[in-house]
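Visitor: Please read through the structure below; I'll follow up with questions.
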Amino acid sequence: MAGASAIPGASRTGKVLVASPQEKFRMNITKGFSRRGSQSSEATGGAEALIQLEQEEFGTLVLDPQIDDLDIDELLVTIRSRFPGLSVMVPRTQEDFEQYSLSFAGEHAVEDAAGQDVIPTQEPESCDECLPLDAPASEPGVARIEPLPGMIGTSLKMQQLYRLARLVAPRDTAVLIVGATGTGKELIARGIHELSQRSRGPFVVVNCAAIPESLLEAELFGFTRGAFTGAFQARLGRIHAAHGGTLLLDEIGELPLSMQAKLLRFVQEGEVQRLGSADLFRVNTRLIAATNADLRQRVREKQFREDLYYRLAVFPLHLPSLESRTGDVLPLARHFLQTLCSQACVPAKSFNPEAENALSTHGWPGNVRELQHWVERAFVLSEENEQIRGEDFSMLTENS
C-alpha cells in the first residue's frame, strides 16, 4: 500500500499532466487532482505530452497506455531518461483504467480533518500493475542509444536526439527538424525514414529555397499537358512521387505564403491537385519538414501560417550545433578521413596530435558540413603522408 496517498509514485507538489486520447479519462483524472488542490494540464497523445514536459515543469504524469501516436514502451524510456524527477503512472489493465477513472473523479473521496477532499487511502485492488517510473537512469532500459543509420556521434545531446527519432520513426506522425545549416537535418530525416515501415518506399527531398516560386507549385503538385507554356507532357509532383514513402520539405521556412495555403490542404486532407486539372488524388505520404529558421517567430511576423506550423510541428526535433557537442568532432573527422581514403583507394590515414588539437579547438560555425570540407582539404594537402599534420590545417588554425 502507498500509505497516505492512493497514487503510486505521485508527487504531492507540482503540476500534473494527464495524457490520454480519451476525453472522459482526462476529465476524471484532472478533476480528481483538482479536488486535491493540484493544477493539471491535458495532452491528447504522447508527442503532445513530450512537448508540454519540455515547456513546463510537472511533478506527475498520468499516461494512458492506449495512446496511439507513439510506442508506449519507448515513450516511457524516453521520459525516464529526460525527466528523471517526474513521477509517472500508467494504468496497465482495463481494471486499472476504470478504477483510476473512478478514484481520481473523486467518487470515493473522503473529508480530511480540515474539511478538504482527499484521495482515499485505499488503493485500487489492481494498483500493483500500475507502473511508477522512479528507476535510476543507469538501468539497462536507458543504455546508450545506437545512432541513426548513416550518423556518427555519441554525445549526450545526440543520444537524446536518437532516442526521440527512434521513438517517432515507426509512426506516421509529422516531424519538424530544426537546426542550423550544416548540422545534418537531411540525415536525421533519412534515418527516420529507414527505421519506419515506409523504408521500402521512396524518400523524396524538396529544397523549398532552391526552387523558384514560379515553379514550386508545379514541382510539388505536378501538372497536366498544356497546363502552362512548355508543359508538353503531364508530370506527377514530388508529393505524389513520395506515395508510400516519405517526403522531406527542406528549408520549409522559405516556402512562400501563397504555397503554404496549398500545402496545408495536402497536410490536412492527404490530397493533391495537379496544375491544369480539377481531379484530386489521394496520396499516402509521410511528411517531414526541416528548417534553420525560427518558425514561431515567422508566425508572429505573419511570414508563416500558424495553422500550417502546428500541423508540421507535431513532433519537433532540435538538432544541436557541432560547437555544443565537441566530443563528436574527432569521431566525425576520423569517419570522413576513412571515407576519403576508401574512395581514393589509398592506405588508411590518421591525424597527428597537432591536427587533432586543431580540430578540437576550432568553433565550427559551419557545423558538420564545414568539418567535412576541412578534412577533405587536409586530405588533399597531406599528399602521400600517412598522417594528417597540424600544418595541413594551417588555415583552420589561423582563423580560430
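Each value in this text was obtained by applying a stated rule to the coordinates, not by laboratory testing. Bear in mind that the values here come from a model prediction, so they are computed numbers and not experimental data. Glycine gets a Cβ as well: all are built from the backbone with ideal geometry, and neighbour counts include every protein chain shown.
Visitor: Can you list the lysines whose alpha carbon is less than 17 Å from that of residue 262, not counting same-chain residues fewer than 8 positions off?
Guide: 302
Visitor: Tell me which lysines have Cα within less than 19 Å of residue 15's Cα, excluding those fewer than 8 residues away on the same chain?
Guide: Those lysines meeting the cut-off are 31.
Visitor: How would you rank 68, 328, 392, going from fewest to most other Cβ atoms within 10 Å of each one's own Cβ?
Guide: Numbers: 68 11, 328 20, 392 24.
Fewest-to-most ranking of 68, 328, 392: 68, 328, 392.
Visitor: Let me ask another. Which order results if 310, 162 are arranged by neighbouring Cβ count within 10 Å, fewest first? Write out the running numbers ahead of the final one.
Guide: Working: 310 12, 162 20.
The most exposed by this proxy come first: 310, 162.
Visitor: Here's a follow-up. FRET efficiency for residue 72 and residue 41, Cβ-Cβ distance as r, R0 = 35 Å, nearest 0.05? All intermediate terms of the calculation are to be shown ahead of the outcome.
Guide: Numbers: r = 20 Å, r/R0 = 0.56.
With a Förster radius of 35 Å, E is 0.95.
Visitor: Run the quick spin-label model on residue 298 and residue 181: label points 7 Å from Cα toward the beta carbon, then report their separation in nm to one decimal.
Guide: 1.4 nm
Visitor: If you rank 337, 257 by fewest surrounding Cβ atoms within 10 Å, what's the result?
Guide: Least crowded to most crowded, the residues run 257, 337.
Visitor: Measuring from label point to label point, each 7 Å out along Cα→Cβ, what is the residue 391 to residue 157 span in nm?
Guide: Computed distance between label sites residue 391 and residue 157 equals 3.5 nm.
Visitor: Between residue 56 and residue 195, what is the FRET efficiency for a Förster distance of 25 Å, r being their Cβ-Cβ separation, to the nearest 0.05? All intermediate terms of the calculation are to be shown ahead of the outcome.
Guide: Numbers: r = 30 Å, r/R0 = 1.18.
So, using R0 = 25 Å, E works out to roughly 0.25.
Visitor: Please give the residues of the stretch 182-198, grouped as numeric ranges, whose backbone N is less than 19 Å from a label point set 7 Å along the Cα-to-Cβ vector of residue 343.
Guide: 182-188
Visitor: Moving on. Taking 0.36 nm per intervening residue step and subtracting the Cα-Cα distance, what contour gain separates residue 354 from residue 306 on full extension?
Guide: 12.3 nm
Visitor: Can you give me the distance in nm between label points at residue 280 and residue 361, each placed 7 Å from the Cα along the Cα-to-Cβ direction?
Guide: 6.3 nm
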